[in-house]
Amino acid sequence: MNYIYEFMYAVLIAYAALFPVLNPLGGSLIFSSITYTLSTEVNRRLAVKIALNTFLLLTAVLLVGAWVLKLFGISVPIVQLGGGAVVATRGWMIMNTGDDPKSVSSQTIVTEEAAIAASFFPLTLPMTAGPGAITVAITLGAEEIGKNLIFAAMGYVGTMLGIILSALTVYFSYHYAGYLLRRLGQNGRMVIMKLSAFITLCIGLTIVWKGVQGLIALYVPMHH
């Protein structure tokens with residue numbers, strides 16, 4: 001019974017922790033804003049690839065992330081600084097493309113080949129599974145280290161199921177958001193894209209600030 005509890009607890013904790021940092025609802029708005037010219041079938045396949053990439057990336061980070069960072073001497077705050085800067089920069093670029101639809105073309109994916117090429121970077125990393133999600137996955141994996149073997153196994157399996165559920169949420173959010181945006185027209189899409197880009201910019205700056213706070217906590221002596 002304790003093993004079952006450990007498994008269910010890991011599933012719930014993983015999903016609850018990943019949902020806000022993956023932000024599938026907010027991400028789906030940006031996704032749809034830059035892929036609305038693609039056909040429904042291409043859009044669906046792209047959503048599948050992003051969801052699969054999200055699962056594979058976060059599972060890999062869960063299993064080996066903490067060890068890799070330790071091996072290369074990279075701290076989590078540094079990951080937050082770098083990743084947050086990438087997220088914020090992309091949000092800033094989309095915000096400043098202008099209101100002319102032609103000026104947005106550099107941010108819009110118009111061919112299936114371009115969609116496949118962008119499916120991992122930047123659509124999966126960092127737009128979907130960014131530094132926030134990676135940090136969560138590293139933390140979840142680190143919590144299983146040192147546990148009883150069976151408890152650790154239940155924890156890892158449960159966390160992986162939580163990641164699967166999170167990836168499925170990403171798929172459904174990305175795939176079906178397009179139906180709404182196609183009915184908004186060019187002006188509606190522009191408004192949604194700008195708003196989503198601003199939210200992305202704020203999320204990126206928040207992650208950067210967390211990285212700064214983490215570095216301060218690591219390297220600045222605490223005085224009582």
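Return yes or no: is residue 74 free of Cβ contacts under 8 Å to residues at least 12 places away in the same chain and part of a loop (DSSP other than H, G, I, E, B)? Against the criterion (free of Cβ contacts under 8 Å to residues at least 12 places away in the same chain and part of a loop (DSSP other than H, G, I, E, B)), residue 74 qualifies.
Restricted to segment 162-178, and to residues there that are buried (at least 22 other Cβ atoms within 10 Å of the Cβ) and among the polar types (S, T, N, Q), the residue that is farthest from residue 58 (Cα to Cα) is 173.
Among the conditions (1) surrounded by fewer than 21 Cβ atoms within 10 Å (Cβ to Cβ); (2) of a type in the set (Phe, Trp, Tyr); (3) closer than 29 Å to residue 187 by Cβ, residue 15 misses just one, which is (3).
Within segment 61-84, identify whether any single residue is surrounded by fewer than 19 Cβ atoms within 10 Å (Cβ to Cβ) and either of a type in the set (S, T, N, Q) or farther than 30 Å from residue 142 by Cβ (or both), and answer yes or no. Steps first, please.
Filtering segment 61-84 down to residues surrounded by fewer than 19 Cβ atoms within 10 Å (Cβ to Cβ) leaves 63-64, 67-75, 78, 82.
Okay, now just the ones that are also either of a type in the set (S, T, N, Q) or farther than 30 Å from residue 142 by Cβ (or both), so 75.
Yes: segment 61-84 contains one or more residues that are surrounded by fewer than 19 Cβ atoms within 10 Å (Cβ to Cβ) and either of a type in the set (S, T, N, Q) or farther than 30 Å from residue 142 by Cβ (or both).
Within segment 81-98, residues that are without any contact (Cβ under 8 Å) to a residue 12 or more places away in the chain reach partners that are small (Gly, Ala, Ser) and surrounded by fewer than 17 Cβ atoms within 10 Å (Cβ to Cβ) with beta carbons closer than 8 Å, at six or more positions or on different chains, in the pairs 97/103; 97/106. For segment 99-122, state whether one or more residues are buried (at least 21 other Cβ atoms within 10 Å of the Cβ), among the hydrophobic types (A, V, I, L, M, F, W, C), under 15 Å from residue 57 (Cα atoms) and modelled with pLDDT of 85 or more. The answer is no; no qualifying residue exists.
Let's see how each residue does on (1) closer than 23 Å to residue 164 by Cα; (2) without any contact (Cβ under 8 Å) to a residue 24 or more places away in the chain:
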residue: 37; (1), (2): no, no
residue: 41; (1), (2): yes, yes
residue: 44; (1), (2): yes, no
residue: 50; (1), (2): yes, no
residue: 57; (1), (2): yes, no
residue: 108; (1), (2): no, no
residue: 118; (1), (2): yes, yes
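I'd like to check something: does segment 43-55 contain any residue that is modelled with pLDDT under 85, assigned to a helix (DSSP H, G or I) and touching a Phe, Trp or Tyr at 6+ places or on another chain (Cβ under 7 Å)? No, segment 43-55 contains no residue that is modelled with pLDDT under 85, assigned to a helix (DSSP H, G or I) and touching a Phe, Trp or Tyr at 6+ places or on another chain (Cβ under 7 Å).
The values are calculated or read from the model by the stated rules, or taken from the named source; none is laboratory data. Given the structure is predicted, the values throughout are model-derived calculations rather than measurements. Here Cβ is always computed from backbone atoms with ideal geometry, including for glycine, and neighbour counts include all displayed protein chains.
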